[in-house]
Amino acid sequence: MKTTTLSTKLIMAFAVVVVLFCAVIGVYHRTVVSVNSSYKSLIDTEIATADHAQGILKYMLQCRRNEKDFLLRSNAKYIDKLNGNYELLAGKVASIVTLANGAGDNKTAESAQELGDYAKTYLEKFENLADGMKVNGLTSSEGLQGAFRAAAHTIMVELAKFEIDVIETEYLLLRRWEKDYVRTNAKKYRGRLLSSLEKYETFLKSKTLSTKFRNNQEKALAAYADAFLAYESSEGEKRTAAYNAMRAAAHDQEKSLKSFYVPGAARTVLMIRRHEKDYLLRRTDKYVKRTESAVSELEKLITSSGISKDEKENLSDLLENYLSGFKALVAQDTQNKVYVAEMRDAVHKIEPAIAAFLAKAEEATKKNADTSAGQVRIALIIAAIAILVSICMAILIPRSITKRIIQIITGLSAASEQVTSASSQVASSSQQMAEGSSEQASSLEETSSS
């Protein structure tokens, strides 16, 4: 380097600085290109995938909302809404699969396809549930619910013919006032007896009773009324005979009551319907058992009653029809619960899959940011090195040039001093020679004179 010329040093220093700054520019250019490429890839794949995953989550929540609305309101319009939201969800899944295949990401494509399969399973189970609820009946007049409800109404209509509790009560009151009147012959008991007769006749006309029972009762009541009038208008043995006729008519009434009366039937039917409604509201097994128990109790009441065999068989068939419809509805509800559980299982698999897509996008974004930051740091380090080298060369090159100039000046000063010394020596010699020449001239002149 000592023998290197100044111009060469300057050229080399300038070249080093230019190379360093070119390296800085190259690194920054590479960083910008890399960052742009990374973010383009990130936006086109990971961010787009995350956006579609958010869409899947959104439409999945809409499907769950439609599902709950359908379960709460039993309205078929929510089936169509859920199908519409599922189609949008399936479109988002297909978009993720397309993006993953385009990026060569087979794992993401498989995950998206698996998520789509879970969503399809959810839809299938919901459709099974909807079909099951349609079998049960979306309203109280449809399906199995409508069938056993109609059977229950038929039972109530048929049992109404045997619901003669009020008539039986009025019969007992009639016999009470009769005995009080016969015992005391008091006007107040006579008035009460006549009032009971009128009420008895009114109940027979107003109640939904079988024709046979009504005719028997009206006939016995008319005989009782005639015997009572004969009792009032006669004395002695005739009065006794009239009273016996009253008693005979009353016994005919009682016999007819027993042959057409199912005691406790009205109360038991109401209990059946109460437990049935409780089950429809809460769908719990205890109300199934209570309903079946109440039906069994009514069956026993019918069997032990005094009604005819044909009437017993008719009521038993109606009860069996009602109970079979109710049990079929309960069985369908049990299957519907299985569908609901399978739906929830599919949903619980969908949610982690969506979370995995979102986590992957977040991780890719973080990784891309870290890579970009690393490249920027490298560029900054190179730029700092270039600046430091430039500063060092800016300091070293002038010092090198100044040192060389000082060396030259020092050399020139020494040479000048040597020239001055030589000049003095030459001048002294010249003077000595001049003095010698003068002496020689004087000697020659003296010699010439001599």
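The values are calculated or read from the model by the stated rules, or taken from the named source; none is laboratory data. Bear in mind that the values here come from a model prediction, so they are computed numbers and not experimental data. Because the Cβ atoms are built from the backbone with ideal geometry, glycine has one as well, and the counts that use them run over all protein chains shown. Just the protein is used for accessible areas: all its heavy atoms, side chains included, with ligands, DNA and RNA removed. Shrake-Rupley method; radii C 1.70, N 1.55, O 1.52, S 1.80 Å.
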Please go through (1) closer than 27 Å to Ser233 by Cβ; (2) aliphatic (A, V, I, L, M); (3) buried (at least 17 other Cβ atoms within 10 Å of the Cβ) for Leu159 and return the number of the only condition it doesn't satisfy. (1)
Please determine whether any residue of the stretch 289-310 is without any contact (Cβ under 8 Å) to a residue 24 or more places away in the chain, touching a helix residue (DSSP H, G or I) at 6+ places or on another chain (Cβ under 7 Å) and not basic (Lys, Arg). yes
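So which residues in the stretch 109-155 are among the polar types (S, T, N, Q) and in contact (Cβ under 8 Å) with a residue 40 or more places away in the chain? Give the derivation first.
Of the stretch 109-155, the ones among the polar types (S, T, N, Q) are 111, 113, 121, 128, 136, 139-141, 145, 154.
Result: Ser111, Thr121, Asn128, Asn136, Thr139, Gln145, Thr154.
Yes or no: Asp180 of a type outside the set (Phe, Trp, Tyr), open to solvent by less than 70 Å² (accessible area, probe 1.4 Å) and not in a loop (DSSP other than H, G, I, E, B)? Walk me through it before giving the result.
Working: of a type outside the set (Phe, Trp, Tyr): yes; open to solvent by less than 70 Å² (accessible area, probe 1.4 Å): yes; not in a loop (DSSP other than H, G, I, E, B): yes.
So Asp180 passes the test.
Scanning for something of a type in the set (A, V, I, L, M, F, W, C), without any contact (Cβ under 8 Å) to a residue 12 or more places away in the chain and out of contact with any strand residue (DSSP E or B) (no Cβ under 9 Å at 6 or more places or on another chain), does the stretch 167-187 turn up at least one residue? Break it down stepwise before answering.
Step one: of the stretch 167-187, the residues of a type in the set (A, V, I, L, M, F, W, C) are 167, 172-174, 177, 182, 186.
Subset that is without any contact (Cβ under 8 Å) to a residue 12 or more places away in the chain: 172, 186.
Next, from what is left, pick out any that are out of contact with any strand residue (DSSP E or B) (no Cβ under 9 Å at 6 or more places or on another chain): 172, 186.
Looking through the stretch 167-187, at least one residue is of a type in the set (A, V, I, L, M, F, W, C), without any contact (Cβ under 8 Å) to a residue 12 or more places away in the chain and out of contact with any strand residue (DSSP E or B) (no Cβ under 9 Å at 6 or more places or on another chain).
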Might you check whether a residue that is farther than 15 Å from Glu158 by Cα, open to solvent by 30 Å² or more (accessible area, probe 1.4 Å) and of a type in the set (Lys, Arg) occurs anywhere in the stretch 259-267? no
Residue match in the stretch 311-318 (condition: open to solvent by 70 Å² or more (accessible area, probe 1.4 Å), in a helix (DSSP H, G or I) and either of a type outside the set (D, E, K, R) or closer than 13 Å to Asn136 by Cα (or both)): no
